[in-house]
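Beneath this line is the structure, given in structure tokens, with notes to follow.
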There are 2 protein chains.
Amino acid sequence: MADEQRISLEPEKQTLLNHHKEKHFTAGEIVRDIIIGVSDGLTVPFALAAGLSGANATSSIVLTAGIAEVAAGAISMGLGGYLAAKSEADHYKRELKREQEEIITVPETEAAEVAEVLAQYGIEPHEYAPVVNALRKRPQAWLDFMMKFELGLEKPDPRRALQSALTIAIAYVLGGLVPLVPYMFIPRAREAMFASVIVTLVALLIFGYAKGYFTGSKPLMSAIQTALIGAIASAAAFAMAKVVQN
Amino acid sequence: MADEQRISLEPEKQTLLNHHKEKHFTAGEIVRDIIIGVSDGLTVPFALAAGLSGANATSSIVLTAGIAEVAAGAISMGLGGYLAAKSEADHYKRELKREQEEIITVPETEAAEVAEVLAQYGIEPHEYAPVVNALRKRPQAWLDFMMKFELGLEKPDPRRALQSALTIAIAYVLGGLVPLVPYMFIPRAREAMFASVIVTLVALLIFGYAKGYFTGSKPLMSAIQTALIGAIASAAAFAMAKVVQN
């Protein structure tokens, strides 16, 4: 009884919510897309360039391959990501339409599904009945509840597809140019490669640190892991280039 | 009253749920990873090879660059995906620990948050009070409810990180080899390129169709879009390679 009294006092509840700040970290969709783009952009063009340098290509060839790869990669990730986001938006629309129809045609089943969602948390029928009944009187809220709690789908922002694609593509290009710039100024690929290794290693460490900071992981560990992936990828590219050249 | 009676009849509800099959489509995590790997694998190495061929490289150089890129890309996507999944798992553990502490130290605030979640759906305090009280008596269920409905976090499967990484990496390698195989048998890159274009176009159409089928989009549209991305990426690579070569 005392509990029910406390819970129904909206102003008191709101005060508690305002005073208590929950520091649940959210990286942000744009930061996430930048991380996706730069992660591959800093790694693959660098490894490709290093591998070709190791196979005695000229800086001209390394640059040709590198810039071509950056262009192709940016388009593949950008356009691919855009279409994937559009596909998810279409999927959401279809599921929404189906739920809307079911709320009208088979309301008993939908009410049973709400009950099932709540029953999973040990809530008894007499406890969740008022909630189910409340939802049945509000079709829009009922629909939102089913979409989120039964299907786990969030309404996608229509601008996000384009924004995400451009962010990833641009991030990939900027990331990819970092290891390639030395090859634009140093004609001997082997020499350019050393400059590229140093520049890219520093970039990977800085980016890895920032990534860890923004995603709430240990930044130092993240910096080392990111640089390590770059090292492993370029070692593999180096080895494979040597193998192909025999 | 009649509503409450209907809802509390668990057997009747279960019958409704069993009879009514909701055809909500789920692509599956493994299929999703294969799509991610093959999408880039079929596109970027193909575009890189075409771009270099257009810039008059030999099949040997094209193959060196292509195989090196496939190795680097597989590692970047695979290892990168693995670390990202591990990072999400760590994030989940941290949020879980925080919610667990808050349920013990500031239960009134957590109860208020449950109320806030339900209030968003127009549910009145006297309607959701029994649910909030029921959760307060079951700490584990309360914790699960907060993780899912307040934070929107699902408990990650620890094996998924490795499984996902390997799936994406292998899919990328298999996708990347398709456009490169012609260069292994045809020493003149320009000739090999034509074979590569045909082989990859067919592969992109088939893969795009399958992707549409598995994700519930229109398969024919998906096939055309996938092939189109490959065409645009290789056109860009071709153009950039020409530009770099002057």
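The values are calculated or read from the model by the stated rules, or taken from the named source; none is laboratory data. What you are looking at is a predicted structure, and each value in this text was computed from that prediction instead of being measured. Note: ideal-geometry Cβ built from the backbone for every residue, glycine included; neighbour counts use all protein chains shown.
Taking the range B:118-145 as the range and being surrounded by 17 or more Cβ atoms within 10 Å (Cβ to Cβ) and within 24 Å of residue A:140 (Cα to Cα) as the test, the residues that pass are B:118, B:121, B:123, B:127, B:128, B:129, B:130, B:131, B:132, B:145. Consider the range B:30-41 and keep the residues that are of a type in the set (A, V, I, L, M, F, W, C) and within 9 Å of chain A (Cβ to nearest Cβ). The one that is surrounded by the fewest Cβ atoms within 10 Å (Cβ to Cβ) is B:36.
Close contacts from the range B:134-152, counting a first residue that is within 7 Å of chain A (Cβ to nearest Cβ) and a second that is surrounded by fewer than 18 Cβ atoms within 10 Å (Cβ to Cβ) and modelled with pLDDT of 85 or more, with Cβ to Cβ under 7 Å and a gap of 6+ residues or different chains, come to B:135/B:141. Restricting attention to the range B:213-246, the residues that are free of Cβ contacts under 8 Å to residues at least 24 places away in the same chain, under 26 Å from residue A:93 (Cα atoms) and either of a type in the set (A, V, I, L, M) or not in a helix (DSSP H, G or I) (or both) total 7. The set of residues in the range B:75-96 being of a type in the set (Ser, Thr, Tyr) and buried (at least 24 other Cβ atoms within 10 Å of the Cβ) consists of B:76 alone.
Let's see how each residue does on (1) in contact with a His (Cβ under 8 Å, 6 or more places away or on another chain); (2) at pLDDT 95 or above; (3) part of a helix (DSSP H, G or I):
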residue	(1), (2), (3)
A:25	yes, no, no
A:42	no, yes, yes
A:56	no, no, no
A:63	no, yes, yes
A:66	no, yes, yes
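In the range A:97-112, which residue that is more than 7 Å from every other protein chain (Cβ to nearest Cβ) and acidic (Asp, Glu) is surrounded by the fewest Cβ atoms within 10 Å (Cβ to Cβ)? Filtering first and then ranking leaves A:101. Note on the range A:52-69: residues that are surrounded by fewer than 24 Cβ atoms within 10 Å (Cβ to Cβ) and closer than 17 Å to residue B:76 by Cβ total 0. Give the residue, chosen from B:208, B:216, B:230, that is under 21 Å from the mean Cα position of the chain (by Cα) and closer than 18 Å to residue A:67 by Cα. Result of the check over B:208, B:216, B:230: B:230. Does residue B:178 qualify as being surrounded by 15 or more Cβ atoms within 10 Å (Cβ to Cβ) and more than 9 Å from chain A (Cβ to nearest Cβ)? Spelling it out, residue B:178 is indeed surrounded by 15 or more Cβ atoms within 10 Å (Cβ to Cβ) and more than 9 Å from chain A (Cβ to nearest Cβ).
Restricting B:180, B:143 to those that are touching a helix residue (DSSP H, G or I) at 6+ places or on another chain (Cβ under 7 Å), assigned to a helix (DSSP H, G or I) and farther than 28 Å from residue B:96 by Cα reduces the list to B:180.
Report whether or not residue A:222 is surrounded by 20 or more Cβ atoms within 10 Å (Cβ to Cβ) and within 13 Å of another protein chain (Cβ to nearest Cβ). Spelling it out, residue A:222 is indeed surrounded by 20 or more Cβ atoms within 10 Å (Cβ to Cβ) and within 13 Å of another protein chain (Cβ to nearest Cβ). Looking at B:88, B:95, just one residue is over 17 Å from residue A:222 (Cα atoms) and assigned to a helix (DSSP H, G or I), and that residue is B:95.
Evaluating residue A:97 against the criteria (1) at pLDDT 90 or above; (2) under 30 Å from residue A:35 (Cα atoms) leaves one unmet condition, (2).
Just one of the listed residues (B:131, B:173, B:117) is at the interface with chain A (Cβ under 7 Å from one of its Cβ atoms) and assigned to a helix (DSSP H, G or I), namely B:131.
Screening B:49, B:72 for residues that are within 8 Å of chain A (Cβ to nearest Cβ), buried (at least 24 other Cβ atoms within 10 Å of the Cβ) and modelled with pLDDT of 95 or more leaves exactly one candidate, B:72. When residue A:80 is tested against the conditions (1) more than 9 Å from chain B (Cβ to nearest Cβ); (2) free of Cβ contacts under 8 Å to residues at least 40 places away in the same chain; (3) more than 23 Å from residue A:137 (Cα to Cα), the lone failure is (1).
Every condition in (1) surrounded by 15 or more Cβ atoms within 10 Å (Cβ to Cβ); (2) over 33 Å from the mean Cα position of the chain (by Cα); (3) not hydrophobic (A, V, I, L, M, F, W, C) holds for residue B:148 except the one numbered (2).
Cβ-Cβ contacts under 9 Å between residues 6 or more apart (or on different chains), taken from a first residue in the range B:184-212 that is at pLDDT below 95 and surrounded by 19 or more Cβ atoms within 10 Å (Cβ to Cβ) to a second residue that is of a type in the set (S, T, N, Q) and not in a helix (DSSP H, G or I), are listed as B:189/B:56; B:189/B:58; B:211/B:217.
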